[in-house]
Amino acid sequence: MDFNDTPQEAEYRAQVRAWLAENAAEYREPPAEAWKLPEFIRQSKLWQAKKHAAGYTGITWPKKFGGQGLSPMHSIIYGQEESRYHTPSGLYSIGLGMCIPTVFTHGNAEVIERYVSKALLGEEVWCQLFSEPAAGSDLAGIRTRAVQDGDEWVIDGQKVWTSFAHASDFGIVVTRTDPSKPKHKGLTMFIVDMKAPGVTVKGIKQMSGGSDFNEVFFDGVRVKDTHRLGEVGDGWKVALTTLMHERLAVGGKPRYAPGYETLMKLARGVDAPVGGPAIEAGDVRQKIAQTYINDQGIKLTQMRALSALSRGQVPGPEQSISKVVVAKTMQDLASFALDLAGGDGFVAGADADPELAKLQGSYLGAAGLRIAGGTDEILRNIIAERVLGLPGDMRPDKDTPFNQAVTA
Amino acid sequence: MNFDFSDEAKALGEQAMKLLGEKAGPARARAAMADGAPAYDAALWAELAALGWTAARVPEAHGGLGLGAEESAQLAEAAGHHLACVPLVSTLIATEALVLAGSGEQQARWLPGIADGSVIAVAAWSEPGAVTPATVKTQAKDGKLHGVKAPVADLAGAHLAIVAAAGPDGPQLWLVDVAAARVEPVETLDLVRRHGRLVLDGVAAEPLGTPADYQAWLDRAAVILAWESIGTAAAAMQMTVNYAKTRVAFGQTIGRYQGVKHKCADMYIKLELARAHALHGLAMIGSDGAELPQAAAAARVASLDALQYCAEESVQLHGGIGFTWESDCQFYYRRSRTAVAALGPRGWWADRLVRALEQRNRAAA
């Protein structure tokens, strides 16, 4: 057993490392001041174009779509190396990670030709329009309508939790095209122009104070039938292609989130409620141990997956435990550490200690992470049903025509 | 990246799971609870020795196969899964001590017998009144041990005991010929695996390695025992999942209810976290890696957590039938206590994990 690269992997890593040293030098440190949106977009486009020219975009995509035709390990190695820098990241992750693979898997030759290479080059930004106010965990409960009108479709409805909708040029949208069919059957997916008349994007302010998502309203938005992805009524199947990619993307502990080291450092500097340094208190040490076991356990579980990928095998089902462990551990660690800091853990803003402020951010962010990309509850369902083979939940609306099911 | 068992170790594990699935398991464990039942299944012991399981970890120079801790882990997992009534895991962790710290002469004297199955070896660190491996009262004086070790797993029928006792430089391991000591049975919560009391009133003993070797052995033993617990926990989970697929309440199988299925998912989550750390422990043993202390302690704590959770919730999800004497749930439930007693409590190991992390931080600073 070892954690080493194969000779081929090591060679690729060295090549990536050398290229980054030369081309990402300006991103070695985080920007002095956080980028505002227009500057973030400008930086993202510059960086994407640079990567593209050097052959570090679409690493796992087939060559005929402009990709490099390499293995998932190559993509992972590139990602590991780039993550040592503070490069602008995120703007393209949904578009290139989820939307465009859906486009080249299910779109016709015309839309592939029109959209794929521009997206890969970073000239156009994409978003994914799936969730709705009444379609969250129950994602197939989509109510946004698309009605055919000649060789066009007319879309009316509302989407929510759409990352980067305000910065996007195009999106993939799941709509209901036949409400008389059961809910998984009457869906169809389209490519939509986010600048088209009738599209309105409104930012959502989260409880954390940040604003990473949007609501998107469709009011008589017209889409050509050529921009349909997959057959009419096959939207659920197409959406599953997209979500498969999401499950790989949403995994380990977010980079910004404090871990057990933060608690160790904090505990060396404060007294325990019962007296004496907190680092010597039994409950604090138990918490450090539990946090290590959870966070490091997920890291090691990911290494099991990488070992499988490195051998050209499919990773085992144990990957499914990642997010459900990481998000709750992040919340528990933050609340424990803030509790340990007493009133100082509660004071925010300019007067806050920077380390504690990070923990506060992590505490607020964790509440969202436990929901995003599958709630703790849905993920436990998935483990129980797909890994352990337990039967599915009771779904009274599963075979009922959507327009006759209870929806209130 | 090659963070997985070797194909050879996996093959041995499959062989062990298959054989023990046929020749061990809950029904055999139930038979072993009976009054007058033998201390262990001698026929099964002879069969697995003939297959080379006890020889796996023994170096070739001493009649063994010269395999690694990965193979021991696979055997321990299978033994734990099927509640095998043989002193296999005890002998495996004792072998680990001899391989790690034994002199050439000590290895030559004991390892060939372990390899061919004629020597059963056990580890004796526990003492009345001593909660952790760090606190031992048994003392060595002029090459003789004075004290009492109990409860010692698989002591009845054992030939060699690896004993933790205080020497001039602190607690360390000693080799004791069991025939020279007094052995008494000790009743424990585990009605399947026999435990005993080793009375040492001036019994001759040889030091096995150094106090540092004792600490290194604790880490290695913790990793092997973690795999045993993972096996037992997985069996409890599997039995519970199977039951949830067939038991009907309120007109449907109970596995459909989230109150049931989410507990099953949590069993799986705890098991996979334990597996990840226990695999890390094996990687560190195999490479003499500096992260062994933290990996071993994390494996120990995570595996105890997984076993306790799976055992407790397995009774709970079986409902009333799970609380009966006739249900197999009690084997896993009781075994979760055996696992704690085998090498010291969860809290001590969690603290040892943090000490390992602190030491690493100091080394990095």
In whole angstrom, the spacing between the Cα centers of the stretch B:334-355 and the stretch A:340-399 equals 29
Per residue of chain A, what 222 nm ellipticity follows from adding -39500 (n - 2.57) for every DSSP H run with n ≥ 4, rounded to the nearest 500?
-> -13000 deg cm²/dmol
Show which lysines lie in cross-link reach of residue A:287 when reach means a straight Cα distance below 28 angstrom and same-chain residues fewer than eight apart are skipped.
-> A:253, A:265, A:299, A:323, A:328, A:358, B:261, B:263, B:270
So the FRET efficiency between residue A:108 and residue A:46, C-beta based with R0 = 35 Å and rounded to 0.05, is 0.65
Using θ = phi - 60° and the Karplus curve 6.51 cos²θ - 1.76 cosθ + 1.60, what whole-Hz ³J(HN,Hα) does each residue of the stretch B:74-83 get, with Gly and Pro shown as x?
-> 4, 5, 5, 5, 5, 5, x, 4, 9, 6
Go through A:24-33, B:78-87, A:349-358 and give me the packing order, highest mean Cβ count within 10 Å leading.
-> B:78-87, A:349-358, A:24-33
A correct Stokes-Einstein calculation for the stretch A:71-197, using the alpha-carbon Kirkwood radius, 4 °C and 1.567 mPa s, returns a whole-number D in µm² s⁻¹ of 81
Do you know the Lys pair count in the stretch A:126-245 for C-alpha distances under 28 Å, with sequence separation 8 or more or different chains?
-> 20
Give the calculated FRET efficiency between residue B:169 and residue A:339 to the nearest 0.05, with a Förster radius of 45 Å applied to their Cβ-Cβ distance.
-> 0.60
Per the rule of 0.36 nm per residue minus the C-alpha distance, extending residue A:256 to residue A:375 adds in nm 40.8 nm
So which aspartates and glutamates pass the test for residue B:18, namely a Cα distance under 14 Å, with those fewer than 8 places away in the same chain ruled out?
-> B:47, B:77
Sequence order, the stretch B:314-324: Karplus ³J(HN,Hα) from phi using 6.51 cos²θ - 1.76 cosθ + 1.60, θ = phi - 60°, Hz rounded, Gly and Pro as x, gives 5, 4, 4, 6, 6, x, x, 5, x, 8, 7
In peptide B:243-253, how many Cβ atoms from other protein chains are near each Cβ within 10 Å, on average?
-> 1
Taking only Cα atoms of the stretch A:251-371, the Rg to Rh ratio with Kirkwood Rh works out at 1.06
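Take each of the peptides B:228-240, A:197-209, average the number of other beta-carbon atoms within 10 Å over its residues, and list them starting from the highest. Let's see the in-between values first.
Details: B:228-240: 26.2, A:197-209: 13.0.
Put in order of decreasing packing, that is B:228-240, A:197-209.
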A convex hull over the alpha carbons of the stretch A:126-245 yields, per residue, a volume in Å³ of 101
Rounded to the nearest 5, what % of the DSSP beta bridges within chain A are antiparallel ones?
-> 85
Estimated D of chain A in µm² per second, where Rh is the Kirkwood radius over Cα pairs and Stokes-Einstein applies at 37 °C, 0.692 mPa s | 140
Which value in nm describes the separation of the simple spin-label points at residue B:142 and residue A:386, placed 7 Å from the Cα toward the beta carbon?
-> 7.0
Within 10 Å of each Cβ in B:257-267, the average number of Cβ atoms from other chains | 6
Rh by Kirkwood over Cα pairs, then Stokes-Einstein D for chain B at 1.306 mPa s and 10 °C, µm²/s | 77
Return the average number of partner chain Cβ atoms within 10 angstrom of each residue Cβ along peptide B:348-354.
-> 5
Compute the long axis of helix B:7-23 from its Cα atoms, compare it with the longest principal axis of the Cα atoms of chain B, and write down the angle in degrees, 0 to 90, nearest 10.
-> 70
Using the alpha-carbon centroid of each, what span in Å lies between the stretch B:15-48 and the stretch A:1-66?
-> 57
GNM result for chain A, Cα springs below 10 Å: residue of A:374, A:345, A:235 fluctuating most strongly | A:345
One quarter of the C-alpha convex hull surface, i.e. the mean projected area of the protein assembly as shown in nm², amounts to 36.7
Ranked from highest to lowest mean number of other Cβ atoms within 10 Å per residue, what is the order of the peptides B:107-120, A:58-71?
-> B:107-120, A:58-71
Round to the nearest 10 and give me the degree value, 0 to 90, for the angle of helix B:258-287's Cα axis relative to the longest principal axis of chain B.
-> 20
Once the Cα atoms of helix A:109-121 and of chain A are each reduced to a long axis, what angle between those two axes, in degrees from 0 to 90 to the nearest 10, is obtained?
-> 20
Computed label-point distance, nm, for sites residue A:64 and residue A:204 using a 7 Å Cα→Cβ extension = 3.8
Expected vector for the stretch A:227-240, Karplus 3J(HN,Hα) from phi with 6.51, -1.76, 1.60 and θ = phi - 60°, integer Hz, x for Gly and Pro, equals 8, 6, 10, x, 6, 4, x, 9, x, 5, 4, 5, 4, 5
Hey, how many Å between the Cα centroid of the stretch B:228-283 and the Cα centroid of the stretch A:80-95?
-> 37
Exposure proxy order (Cβ contacts within 10 Å, fewest to most) of B:195, B:146 = B:146, B:195
Could you tell me the largest-minus-smallest coordinate of the C-alpha atoms of the stretch B:7-119 on each of the three principal axes, in descending order and whole angstroms?
-> 42, 35, 20
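Values in this text are rule-based calculations from the coordinates and carry no lab data. What you see is a predicted model; the values in this text were computed from it and never measured. Here Cβ is always computed from backbone atoms with ideal geometry, including for glycine, and neighbour counts include all displayed protein chains.
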